[in-house]
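Below: one structure, written as structure tokens.
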Amino acid sequence: MLTPAASWEARLIYTGERARDGDYALNDLASLRARPLHAARDFEGHTDRDVHATTFLTRHAGSKVTFATTTGFVRWKTTDETDLDYTPLPLITRSNAEKDFQFTQEVRFASAPAAPVKMMHGRMSLRWQAGVFLFTQNYDQSAVNNFAPFVLSPFIPIPVTQHSPDAALDDTGVGVYGNGTLALTDKADLTIGARVDRENRKADLSTFFAGTTILGVPVNVNTEKSFSNVSPQVAFSYRVQPDAMAYFSVTGGYKAGGFNPASPAGQEAYNEEHTWNYEGGLKSAWAGRRVIANVAAFSIDWNDLQLNLPNAAVPGQFFISNIGSARSSGVELEINGRANDGCLVFGAFGVTRARFGAGTTSNGVDVSDKKIPNTPGYTATIGTELSHAMTSAVRLYGRAEAVFYGAFEYDDANTAGQEAYSLTNVRFGARGRRVFVEGWIRNAFDTKYIPVALAYGQLAPSGFVGESGRPRTFGITAGVTF
């Protein structure tokens, strides 16, 4: 961090990662439930990942206007090999290489915190911000499926290699946004804003069987498409009392369309997704701000929902498709209470009803009123954090929390799912002015659960492969701050 002047600040942040890991911990869902944390293979794969991310930020705080920029570069690549059938049988392996480069640039202007624009002879004031966001992305993937003899057909007695995909995706985009918050009175604020987005996406996609056309004609797609949208925002807040504020907001959401590196024929492209987000609630503080209580109700309506679907023709391959409409509605409650400086009690509870809309079809199957995948019916957290000053320089602390997840479905057809489960996490340690050391236990009661499972067709006896959640894990962390 550099501060060349009192009003200027600059930060340079670099993050690097190098990972050399084993194969994906996937196994047939029924087998995994009968014998958690086990997988069976005839081929030992690996996953190699390298990530480099650099961010440069500047900020100038003027007397009337603040100015900020964010410049980001991300470059990553992965190379992995896996036993694609995830069984002890020598059926299919997959080699996959991906790399990506991303550049982002944001420039933002805003009114200074202490200098809103006065209006109506000083009876109203306006706080505002506006900016522009630019990005580019270049993504390449080369994946090869290796089929053993007789796997694709009893009439093919030789190994077969399928390139699915050999793809290059290039994206550019620009977004312009602005909003203003008008203080109507000393208690009421009205916020109005909008964002305009424009994205251009190019795709060069190939899928083919090496050395033969008997198994299918090569698919080559070289195309380009642009997407644009205006997303509005309106919000109103009212301070019921000095430490209690009621609010309501309506926001339009947007996700650009694009291209699938690999997909069934005719599904290479997908269109935009649009949402309307409604939220209202109350934020409050009590007992001299020792108790914080917030409650919110929300509803999200999707049109042309983009969903990741399995490709029935190629094992282990997924593609994005617009399947129709959906709605997710719920209520969230959060409470934090501090009995004294060394004792914090916290809790949160949320209920969600997430369903596909009428007439929604996924991969040719009607999923109307089915549950949206990977959305628990409820979530809850309860816990406490205790701390005690041993000396003026050393403080002991401990934290325990229990997290509860309601049942959820793995797929859009609601064929299989995870029952409700809970996890308990504990950490405790000592912290000085510059040094800390702590011990921790995650999933202290060793709960067995499967948070992720994928539809996998005939290669999995149950129709799904899944990955066990982390078992009980414990360790010690130490560090120095400066």
Revision key, fill the gap. So the carbon and sulfur contribution to the accessible area of region 1-145, 1.4 Å probe, in percent, is 60 percent
Check your understanding: Within region 11-112, which GluC sites (Glu not before Pro) sit in a loop by DSSP and count at most 12 neighbouring Cβ atoms inside 10 Å?
Key -> Glu44
Exercise for review: From the C-alpha gyration tensor of region 370-460, pull out the three semi-axes of the equivalent ellipsoid (sqrt of 5λ each), sorted largest to smallest, in whole Å.
Suggested key: 40, 13, 10
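Based on alpha-carbon atoms only, what is the radius of gyration of region 415-482 relative to the globular estimate 2.2 N^0.38 Å?
Values: Rg = 18.4 Å, N = 68, 2.2 N^0.38 = 10.9 Å.
Ratio of Rg to 2.2 N^0.38 Å for region 415-482: 1.68.
Suppose R0 equals 30 Å. What FRET efficiency, 1/(1 + (r/R0)^6) with r the Cβ-Cβ distance, do Lys99 and Arg198 give to the nearest 0.05? Don't skip to the end; give the middle numbers.
Details: r = 26 Å, r/R0 = 0.86.
Calculated transfer efficiency: 0.70.
Dipole size in debye (nearest 20) for the chain around its Cα centre, Lys and Arg Cβ +1, Asp and Glu Cβ -1?
Details: 44 positive and 47 negative charges, 484 e Å.
I would put it at about 2320 debye.
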Review point. Toward the positive end of the charge dipole of region 196-333, about the Cα centre and with charges on Cβ (Lys, Arg +1; Asp, Glu -1), which of Ser237, Pro310, Gly258 goes farthest?
Key: Ser237
Check your understanding: What does the charge add up to near Asp411, with Lys and Arg as +1, Asp and Glu as -1, over the other residues with Cβ less than 11 Å from its Cβ?
Key -> 0
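Per the helix-only calculation at 222 nm, which mean residue ellipticity applies to the chain, given -39500 (n - 2.57) for every DSSP H run of n ≥ 4 and division by its residues, nearest 500 deg cm²/dmol?
Working: 1 runs with 6 residues, N = 482.
My calculation for the chain gives -500 deg cm²/dmol from helical runs alone.
Stretch His121-Asn303 to full length: gain in nm at 0.36 nm per residue minus the Cα-Cα span?
Details: separation 182, 0.36 × 182 = 65.52 nm, distance 4.40 nm.
So the extension gain works out to 61.1 nm.
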Point to revise | Accessible area in square angstrom per residue, the chain, 1.4 angstrom probe | key: 55 Å²
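How much length would be gained if the chain were fully extended between Ser249 and Asp369, taking 0.36 nm per residue of separation minus their Cα-Cα distance, in nm to one decimal? Don't jump to the answer; show the numbers that get you there.
Values: separation 120, 0.36 × 120 = 43.20 nm, distance 2.63 nm.
Extra length from Ser249 to Asp369 when fully extended: 40.6 nm.
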**Study point:** Summed side-chain charge close to Phe103 - residues other than Phe103 whose Cβ falls under 15 Å, Lys, Arg +1, Asp, Glu -1
**Key:** -3
Practice item. From the P(r) of region 111-217, can you give the percent of Cα pairs sitting at distances over 19 Å? Key: 67 percent
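Output needed for region 59-116: three equivalent-ellipsoid semi-axes, defined as square roots of 5 times the C-alpha gyration tensor eigenvalues, in descending order, whole Å.
Values: eigenvalues 535, 28, 7 Å².
Values for region 59-116, descending: 52, 12, 6 Å.
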**Study point:** Two-decimal Rg/Rh across region 253-355, once Rg and the Kirkwood Rh are taken from alpha-carbon atoms
**Key:** 1.23
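Any number yet on Rg/Rh for region 188-335, C-alpha, Kirkwood?
Values: Rg = 22.7 Å, Rh = 19.0 Å.
Ratio value, two decimals: 1.19.
How large a share of the accessible area of region 306-370, in percent, is made up of carbon and sulfur atoms when the probe is 1.4 Å and the other protein chains stay in place?
Exposed carbon and sulfur together represent 54 percent of the surface.
Once fully extended, how much extra length lies between Tyr238 and Asn425, figured as 0.36 nm per residue of separation less the alpha-carbon to alpha-carbon distance? The partial results should precede the final answer.
Working: separation 187, 0.36 × 187 = 67.32 nm, distance 3.77 nm.
Additional length available on full extension: 63.5 nm.
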Review point. Taking the Cβ of Val65 as the center, what net charge do the other residues with Cβ under 14 Å away carry, scoring Lys and Arg +1 and Asp and Glu -1?
Key: +4
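Dividing the alpha-carbon radius of gyration of the chain by 2.2 N^0.38 Å (N being the number of residues), what value is obtained? All intermediate terms of the calculation are to be shown ahead of the outcome.
Values: Rg = 26.5 Å, N = 482, 2.2 N^0.38 = 23.0 Å.
Relative to the 2.2 N^0.38 Å estimate, the chain comes out at 1.15.
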Revision key, fill the gap. In units of 2.2 N^0.38 Å, the Cα radius of gyration of region 1-150 is 1.74
**Study point:** Cα-based Lys proximity count in the chain, under 21 Å, for pairs eight or more positions apart or on separate chains
**Key:** 9
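The values are calculated or read from the model by the stated rules, or taken from the named source; none is laboratory data. Predicted model only: the values in this text are computed from it and were never measured. Heads up, the Cβs are rebuilt from the backbone with ideal geometry, glycines too, and the neighbour counts pull from every protein chain shown. When the accessible area is computed, the model is the full protein with side chains, heavy atoms only, and any ligands, DNA or RNA have been set aside. Shrake-Rupley method; radii C 1.70, N 1.55, O 1.52, S 1.80 Å.
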